[in-house]
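None of the figures in this text is laboratory data; all of them are computed from the coordinates on show. Keep in mind it's a predicted model, so treat the numbers as computed, not measured. FYI the Cβ positions are ideal-geometry reconstructions off the backbone, even for glycines, and counts take in every protein chain you see.
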């Protein structure tokens, strides 16, 4: 079965969505990611959507659920790389991306994750990423 | 001015992968029409919402993609049709956040906002037809 790869980087997980996701694939990612968060005791998740040409309400809802589930598992989520046209469309669609942190690229996303983790009381020491 | 259909293509919506195929076909046609990236994204996103509605609420159906023109402008019209249970209260169904399923209730209202023209026909027990049009 087709799957979206989840990479471990220190105490973070990195997901790069590179395909036009059908609904089942999006749901599989949700399951896989929550499993990996627990397995690797990850405190942060970076989701790179720079290759996504659209985010509709289904994908938006999936991203929001991932962020909520991750939070329950003690991990912060940052969505990075949203294309400008996607952002414009999401606002007009009326999708409340509440509870989702975003950053322009992976590097800024890492910085955002680190500060989110500091706020949450994790110092990120064990990650080796500075 | 009357709308003239230049070309039409029909696609089945039976399984969730068909939603992806509809998105790709709409993208292709909007590129061919010379839509800018934001317009492409809007019409593809609106189509994705409506294709999913056709599948989830209508039990499947079809999408008809039409290149249209009205003498001065050209545009892309996509019509989604199903023979499902229909929508008992159209006004309510067009309200943001209203849903009878487990979605977010943004499909119809969102697709309407993303389009220049929007038409909805539905009869309980007969089905639903939603049409969106985006001019270039």
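Within region B:73-98, which residues have the backbone N less than 19 Å from the label spot 7 Å out from residue B:32 along Cα→beta-carbon, could you tell me?
B:73-80
Please express the shape of region B:4-135 as an equivalent ellipsoid: the semi-axes are the square roots of 5 times the eigenvalues of the C-alpha gyration tensor, given largest first in whole angstrom.
Working: eigenvalues 109, 44, 40 Å².
Three semi-axes, in Å: 23, 15, 14.
Could you tell me the distance between the Cα centroids of region A:1-62 and region B:74-136, to the nearest Å?
Spelled out, the Cα-based centre of one part sits 30 Å from the other.
Normalised radius of gyration for region A:6-121, please: alpha carbon Rg relative to 2.2 N^0.38 Å, two decimal places.
That works out to 0.98 for region A:6-121.
Taking chain B as the reference, fit the longest principal axis to its C-alpha atoms, fit the long axis of helix B:37-56 to the helix C-alpha atoms, and give the angle between the two in degrees, 0 to 90, nearest 10.
30 degrees
Calculate the FRET efficiency for residue B:126 and residue A:28 from the Cβ-Cβ distance with a Förster distance of 41 Å, rounded to the nearest 0.05.
0.70
Over region A:6-121, what is the relative contact order in whole percent, taking alpha-carbon pairs under 8 Å and six or more residues apart? Working shown, then result.
Working: 170 pairs, mean separation 30.5, N = 116.
About 26 percent, as a whole number.
As a test of the formula, what do you get for the protein assembly as shown when each DSSP H run with n ≥ 4 contributes -39,500 (n - 2.57) and the sum is divided by the residue count, at 222 nm and rounded to the nearest 500 deg cm²/dmol?
Numbers: 8 runs with 105 residues, N = 266.
Counting only the DSSP helices, I get -12500 deg cm²/dmol.
Helix B:16-32 versus the longest principal axis of chain B: what angle, 0 to 90°, nearest 10, using Cα atoms?
20 degrees
Can you tell me the order of B:4-17, A:22-35 when each peptide is scored by its average per-residue count of other Cβ atoms within 10 angstrom, highest first? Present the calculation step by step, with values, prior to reporting the outcome.
Details: B:4-17: 13.6, A:22-35: 16.9.
Output ranking for B:4-17, A:22-35: A:22-35, B:4-17.
For the residue pair residue B:96 and residue B:14, what label-to-label distance in nm results when each label sits 7 Å from Cα along the Cα-to-beta-carbon direction?
It works out to 3.8 nm between the two label points.
Hey, got the Cα dimensions of the protein assembly as shown along the principal axes, in Å, largest first?
67, 38, 33
Averaged over its residues, how many other protein chain Cβ atoms are within 10 Å of peptide B:18-25's Cβ atoms? Provide the component values of the computation, followed by the final result.
On the way: counts 1, 5, 6, 2, 0, 5, 2, 0.
Shielding by partners across B:18-25 averages 3.
Ignoring solvent entirely, what values of log10 I(q)/I(0) come out of the Debye formula for region A:57-101 at 0.22, 0.26, 0.28, 0.34 Å⁻¹ when each Cα is a single scatterer?
These q points yield log10 I(q)/I(0) values of -0.75, -0.97, -1.07, -1.29.
Which order do B:121, B:135 fall in if you start with the one that has the fewest other Cβ atoms within 10 Å? Write down the numbers at each step before the final one.
Numbers: B:121 15, B:135 18.
Ranking B:121, B:135 by Cβ neighbours within 10 Å, fewest first, gives B:121, B:135.
Determine, from the Cβ-Cβ distance of residue B:1 and residue A:98 and an R0 of 30 Å, the FRET efficiency 1/(1 + (r/R0)^6), rounded to the nearest 0.05.
It comes to 0.10.
Mind checking the mean number of beta-carbon atoms from other chains within 10 Å of the Cβ atoms in B:32-45?
Mean number of neighbouring Cβ atoms from other chains: 4.
Please give the helix A:106-119 orientation as an angle from the longest Cα principal axis of chain A, in degrees from 0 to 90, rounded to the nearest 10.
Roughly 50 degrees between the two axes.
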